[in-house]
Structures are given as structure tokens and as C-alpha cells.
Amino acid sequence: MTQKAVIAEKKGEKTTKSGANFLIDALKKQNVEVVFGYPGGAVLPIYDALYDSGVFHVLTRHEQGSIHAAEGYARITGKPGVVIATSGPGATNIVTGLADAMIDSIPLVVFTGQVATSVIGSDAFQEADVLGITTPITKHNYQVRKPGDLPRIVKEAFYIASSGRPGPVLIDIPKDVAILQAEAEEDPEMDLPGYQPTLQPNYLQIRKLIEAVSGAKKPVILAGAGVLHARASEELKKYAEQQGIPVVHTLLGIGGFPADHSLFVGMGGMHGVYAANMALYECDLLINVGARFDDRLTGNLAAFAPQATVAHIDIDPAEIGKNVPTKIPVVGDAKEALAQLIAQNGKLPEASEWVQKITEWKEKFPLFYEGDSSELKPQKVIELLHKKTNGDAIVVTDVGQHQMWAAQYYTFNKPHAWVTSGGLGTMGFCVPAAIGAQLAEPDATVAAVVGDAGFQMTNQELAVIAELNLPIKIIIVNNHSLGMVRQWQELFYQERYSHSLLQNQPSFVKLADAYGIKAYKVTTIEEAEERMSEALTTDGPILLDIHVAPGENVYPMIAPGKGHHEMEGVKK
Amino acid sequence: MVNNRPGVLNRITNLFSKRNYNIESITVGHSEQEGISRITVVVQVDDEKVIEQMTKQLNKQIDVLKVMDISNQSIVSRELALIKVLATSQNRSEIYALIEPFRASAIDVSKDSLTVQITGESGKIEAFIELLKPYGIKELARTGTTAFPRGTQRTNSNKSLSIV
Ligand SMILES: Cc1ncc(C[n+]2csc(CCOP(=O)(O)OP(=O)(O)O)c2C)c(N)n1
Ligand SMILES: [Mg+2]
């Protein structure tokens, strides 16, 4: 840092520069490691400032790729992912990613270019009402009116995105605002009088929860994504162990509690395990830590945890009581709340019979699939991946059957290694998100588990993987279909496979080859073993197009409208 | 109470439609503090839980400073309506006779019509409109209710409307 810059850091001191330079310097101040983006007319001034700024920028090949990559980065690090897109089509191309980040509470700071202030509202070239479009899918959004406001707005955006319940924040920057020079403080005060997230839980509510636990016979913890956002998996483990309470997790809560633990029950919900869903159904005390009672988790609400007293720890008060009536609300950060619960060391519940019962369910009704060694089943692919990576990889998935199989068969003993699009269920998420995840942890093994259909939604990002030589292991679970759609048509639409079977696929091997990425087609268990071993000893990227038995369905399953006690496909 | 910043009103009305809540009326204007506006929203709900959700969702907005559900408080609430009613020389005085007890006022007169301004609680305005209907209402404009709690609180003026 130059002498001048150091002096300018002093409070109240002002510097003069262009909006674009204020922006770049504000990013540096936030220690941004990587920016994902795509240039265009309205952001040319910003890209010009970026040119020799030293900020690491990744040019994805589509703006949707930028924002999913930023999500992948944020999902691993917990730090906001940063995106730049141009006005109009650039901005509308990131809409899916914003909605995805909003519903899964992912911190992002997204910059969009906008037409010049003087022509806003005139349907100028590449003008779109980005604030209007993104209002319902951002935690907050801004349009910058004066270049001098940028340092404050960027600082606020990072704070809003990453504090409280995380979420995406968008900053729309008219072209003239990026160009114009202004005088401003580099490190101004934030001006957010209406934003004070509650972190510290109320002591009386904690006492109530402790009392409820002490009287419970069948307590269960439901661990959601909030545990991971709060970086509270250590506390969760300590608390569950201290009180002897079994733990069920949600799809986005994967990794929050170690799968090899005796109190681990497994994933609940539509494709969760029998023991987890029965534990939710029969419990007398349900302690929800940072889950939002999504419908894929609860099934039919009328049949949800019918005997349970519900306690809910959540940083977002609006989540408490939204879907499930809640007797004991605890508003606060999951890490704080769990730490207090541990410190209070409340009277233990008499739950040994209950824990025994759950253990029996686990033993009696484990996950299973039919098949011998003659056929390569998709579940087997995930099992092999688990075996070859010692369960130690970062697994990034797309959306569909392969996602559910990955959730079921790749068991995690550590947090922050599972990256999936849960709430929005965004196909096309996997390949770019894997790029973000690998950049977040360059030394980790990143496995991108993707369906043959979803892969084709964002496969242009192979260019980035090749360019940066990211050692991502792309596993296409190729069932020649929009598998999850095909499954629903089989089960609920009399096997009328309307537009869900992919007869005509490109050669994914040749496609990868065109990008300069090593690739193999795999059709047998032996080949799968061999190629996976090779993949894991290969330094660079590799793609395995694994042809699995088509027609396989994800089980067990709670059919739509059914309750947790009505699972199908539980036993052979 | 909200920060008077671009996009605030959009965020709030958007929230209502996103969450599938119906707005009966909404008024916005400056408050006693500079840069801060007061928004009054009237919604019809059957379920207390819905109001609770709305309040919580509104509170989450960064530019929302304070949300109050004042349905069950004693409040001062006013609405203004402009009503252009057909008036002939024969019935004009009859209409004036209605105006007076409602403390409304005639603010514009033409050959065949009369424009009346009335302020008050919504119930009063509705009653007045009913009385004018037989004469033929040509145009009607209502502002929607604006309100805040009374200086001294007496509880239990139970209403079905909720004002955030
Ligand atoms: C963008 C988008 N469009 C449509 C869907 C609906 N959808 C959910 S799963 C699925 C099929 C996915 O097929 P594939 O990627 O091959 O994965 P599979 O289910 O076969 O494992 C579809 C179309 C979606 N989730 N996202
Ligand atoms: Mg498929």
C-alpha cells in the first residue's frame, strides 16, 4: 500500500476517483479473492478499472455460470461470492442464480451495469428494470446514484449479504456513475438503522427448551443449513452428545453432523431414510436447528410430527411458525444458541429406549437397491465414488435423481463439503458451482456429480475448467433421461414419458475432448472402478460419462401429499 | 416507518404479492422525521398468524425501520374521499342536507353535478357513499386509510382490519 493510500485510510479523510475505481478498491478492502463475471457495454468502465487492478477475475462463458460459480464458492467458504454482469441480458441471465441463492440463504454480492442515468426509463439499448426484476429474489438491492456512495454501498452490501440470515445483495450501477469522478471517504460508516439481526438468543427461551428436553422421552434434533451457515457443527455434536439426542438432517444440512456418529439418524424428507422420517413422525420433542420446514422435508403438514412439541432455533424470526406451529421459538444464531445450551448442561432426557428404537430402525430398514454385478446401477456409482475418495471429497451436484442418490449414498463426516441447489432445484447448477468450490479449496478433491440432462444446461463452463486447469472430477450419471421427471411420470402419470427420454445425446467424451479435457465413457462396474482410480490420480480435470442402468428410481419415497409414516420402497 | 429511498415502496408491495397477501389500501407520505416515510397498509385477514408472518417479513426488509400491527390498539385513522354526484336543481338541497351531518363539504359545483369531500374513518365514508348512491355517483376517489396509535391507549377497539 502506498503512503498516500495509508493516509487516506484515516477516518474522515476523502479521496477522489471514479465510481469504477471506488468499486474495485472496495472489493479489495473486503479481501475478495475471486470475482466471476462477464463484460458488456454498461460495465466497460468497471472492466477497465479491473484490467490492471490485480483482482482475480474468472470469465465464465455465460452469466448463469458466473453466479452459480459464486454460489459454489460461497457455499464452501461462507464468504460472499462476487459477480459482475452487464446491463439488460447480462443482468437477466443471473436471475436464476439470485433466486437460487435467495432460497438457500447464500451470501452473494452481485454488480450489474445499468444504462446511463440520463436515459434510464427510455427503453435504452440493453436497459432492463433490474431493481424491479430482482427485488423479490434479493435480500436487498441498490441502484447507485452517485459515485461517491459506492464505498458505503459496497461495505453495506457485504455486511448484509453475510450477516444474519445470509442472502444475495445486488448493486445496479449506471454507466455514468462508474465513469464519473467523485470525492468520498474510503471507509465510511454504514447507514443501516433498520437492520439489526438478532444473534443472541433470549435466555428465557433457552431455559424453556432445556426444560422441554429434560421431560422428553423421544427427542430428536433436526439439523438444517443454519447449522452450517453458523459454522456450528462442533457445537451441534457436543450438544447432541451431552444430551444423548439423535440427529436427523435436511438435504442442505448434510455434513452438519457426522454420518459415522452413533446418534446420526440420516436425512429426512421425500427421499430420506426410513429411520429419520419415523423419528420425525414419532418424536415427542422436535428441536429444529436452522431448518425452514420445507415441504420436501415435512411431507403432508397435517401428518407432520403429530405428537411433538416443536422447538425452533432460527436466526430469521419469520421462519419460526411459518409452516409448523412452534411452542418454543428461539431467535438467534445457531452457534450461540447451541453454545448456551451446552453451557447450561440441562437435565438429561430419559431417551435410551428411543435411541435404541431408532438404532433398530436404522439396522432393519437401511437404504437398498436391487442389482448384481452385471449392471452398473447409479447408486453403485456413488458408492464407488465414496470408496475411492474415502468419503473425503467435496461433492457438488446438479438436480434430479443423481442428486438424491448422492445425498443418500455419499455419507459425510465433515461439514462444508456438500454443495447442492436445494430450495430452487436449479438444473445447470453443478458444473459452474464446482468451479467455485474448487477455487474456494484448491487442494480439495471436488467431484461434480451431474445428470446427463442438467450437464447440458451449463456445459460451456468446461472452457473455464480447462483454462484454469481445475482438477474437478466430473461424473455424469448418464441414464439417458430427465430421470427425476421420468420417475414421476412412471409413478404418477401412467408411464406416459412425455419429453423426458433423451434419445439423441452428443458424445460427452468428444465434447470434453473438444475443450481439452480428458474423458472416458464407462459402462461396467469394473470400468467405473478403474476410471475413478485414474481420475483421482490425475492432476487436471477429467470427465467420466458413466452409463448407468436406465429406469432406476429413487427410493424410499414419500409420495406427494403423504406423511412420514407412509414411505414407499422401504424394504425389499 | 421506512427509509425514504428508491425502491422501498416497490419492495413492500412486492412482498405482499410474493407472499400472496391482498392489500385493501396503502398510503404513503412523509413522517415527522426527515427522510422517513410512514406507510399505512390495510389488509383483510382471517388468521392472526398471517398478520404475524406479514409483520415479520416486513421487518426483514433492510429499509423498514419499524412495523406495528395496530389492529387491536386504539388508533386515530382517517381516509379522504372525493365524490362527484349527479345533482339537479331539484335535489341539490337534499344532497346538501346529507353533507352537513357527515361534516363533509362541497368543493366543486357544476350545472349537473356536485363534488363532495369527506374525511373520516372508512366506515363513515362507506355509509356516506351508500347515501349518495341513489343520486348517481359519477366519479369516486378514495385515498385509503392512514393511521397511528392514539396518544393514550385504551384497549379493545377490536377490528378486522390490520394496519402495518
Ligand atoms: C432449470 C430446471 N428445469 C427443469 C427442472 C425440472 N427437473 C427436475 S429434475 C429434472 C431431470 C434432470 O435430469 P438429469 O439432469 O439427467 O438428472 P437425473 O434426474 O436423470 O439424474 C428436471 C427436468 C429443474 N429442476 N430445473
Ligand atoms: Mg439423467
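What the table shows:
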{"quantity": "When residues of the range A:372-382 are limited to those that are crowded, with 19+ Cβ neighbours inside 10 Å and more than 13 Å from ligand 1 (Cβ to nearest atom), the one farthest from A:Met270 (Cα to Cα)", "calculated": "A:Leu376"}
{"quantity": "Subset of the range B:46-85 (residues that are more than 14 Å from chain A (Cβ to nearest Cβ), surrounded by 17 or more Cβ atoms within 10 Å (Cβ to Cβ) and in a loop (DSSP other than H, G, I, E, B))", "calculated": "B:Ile70, B:Ser71, B:Gln73"}
{"quantity": "Residue check for A:Ala311: crowded, with 21+ Cβ neighbours inside 10 Å, among the aliphatic types (A, V, I, L, M) and either touching a Phe, Trp or Tyr at 6+ places or on another chain (Cβ under 7 Å) or assigned by TED's automatic domain parsing to the domain that holds A:Ala337 (or both)", "calculated": "yes"}
{"quantity": "Residue ranges of helices (runs of 4 or more DSSP H) in the range A:178-267 with at least 1 members away from chain B (no Cβ under 14 Å) and loosely packed, with under 15 Cβ neighbours inside 10 Å", "calculated": "A:203-215, A:233-243"}
{"quantity": "Of all residues in the range A:122-167 being aromatic (Phe, Trp, Tyr) and closer than 24 Å to B:Gln57 by Cα, the one that is nearest to the other protein chains (Cβ to nearest Cβ)", "calculated": "A:Tyr142"}
{"quantity": "Strands (runs of 3 or more DSSP E) lying entirely in the range A:9-75 (those with 3 or more residues that are at pLDDT 95 or above and open to solvent by less than 20 Å² (accessible area, probe 1.4 Å))", "calculated": "A:35-37"}
{"quantity": "Within the range A:475-508, considering residues that are within 14 Å of ligand 2 (Cβ to nearest atom) and among the aromatic types (Phe, Trp, Tyr), the one least open to solvent (accessible area, probe 1.4 Å)", "calculated": "A:Phe508"}
{"quantity": "Whichever residue in the range A:387-399 is touching a strand residue (DSSP E or B) at 6+ places or on another chain (Cβ under 9 Å) and open to solvent by 10 Å² or more (accessible area, probe 1.4 Å) and, among such residues, is nearest to ligand 1 (Cβ to nearest atom)", "calculated": "A:Val399"}
{"quantity": "Single residue of B:Glu52, B:Glu100 found to be within 28 Å of B:Gln153 (Cα to Cα) and of a type in the set (Asp, Glu)", "calculated": "B:Glu52"}
{"quantity": "Residue among A:Ala535, A:Ala453, A:Ala466, A:Ala447 that alone is under 23 Å from A:Ile76 (Cα atoms), within 16 Å of ligand 1 (Cβ to nearest atom) and either in the same structural domain as A:Ala393 (by TED's automatic domain parsing) or not charged (D, E, K, R) (or both)", "calculated": "A:Ala447"}
{"quantity": "Qualifying residue in the range A:407-426 (condition: surrounded by 21 or more Cβ atoms within 10 Å (Cβ to Cβ) and within 14 Å of ligand 2 (Cβ to nearest atom))", "calculated": "no"}
{"quantity": "Long-range neighbours under 7 Å by Cβ, at least six apart or interchain, first residue farther than 22 Å from A:Met484 by Cβ within the range A:401-416, second open to solvent by less than 30 Å² (accessible area, probe 1.4 Å) and polar (S, T, N, Q)", "calculated": "A:Pro415/A:Ser233"}
{"quantity": "The range A:431-444, residues that are buried (at least 20 other Cβ atoms within 10 Å of the Cβ) and closer than 14 Å to A:Ala74 by Cα", "calculated": "A:Pro432, A:Ala433, A:Ala434, A:Ile435, A:Gly436, A:Ala437, A:Gln438, A:Leu439, A:Ala440"}
{"quantity": "Tally of residues being basic (Lys, Arg) and near ligand 1 (Cβ under 8 Å from one of its atoms) across the range A:469-486", "calculated": "1"}
{"quantity": "Flag if B:Gln33 is surrounded by fewer than 16 Cβ atoms within 10 Å (Cβ to Cβ), under 30 Å from A:Met190 (Cα atoms) and within 12 Å of another protein chain (Cβ to nearest Cβ)", "calculated": "yes"}
{"quantity": "Which listed residue, of A:Asn469, A:Asn459, is more than 14 Å from ligand 2 (Cβ to nearest atom), modelled with pLDDT of 95 or more, more than 14 Å from chain B (Cβ to nearest Cβ) and out of contact with any Cys (no Cβ under 8 Å at 6 or more places or on another chain)", "calculated": "A:Asn469"}
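Yes/no per residue for (1) in a strand (DSSP E or B); (2) among the hydrophobic types (A, V, I, L, M, F, W, C):
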| position | (1), (2) |
| --- | --- |
| A:Lys521 | yes, no |
| A:Ala528 | no, yes |
| A:Ala535 | no, yes |
| A:Gly540 | no, no |
| A:Leu543 | yes, yes |
| A:His565 | no, no |
| A:Lys571 | no, no |
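The values are calculated or read from the model by the stated rules, or taken from the named source; none is laboratory data. Model, not experiment: these values are computed from the prediction. All Cβ positions, glycine included, derive from the backbone under ideal geometry; neighbour counts span all protein chains shown. These accessible areas exclude ligands, DNA and RNA; they are computed on the full protein's heavy atoms, side chains included. Shrake-Rupley method; radii C 1.70, N 1.55, O 1.52, S 1.80 Å.
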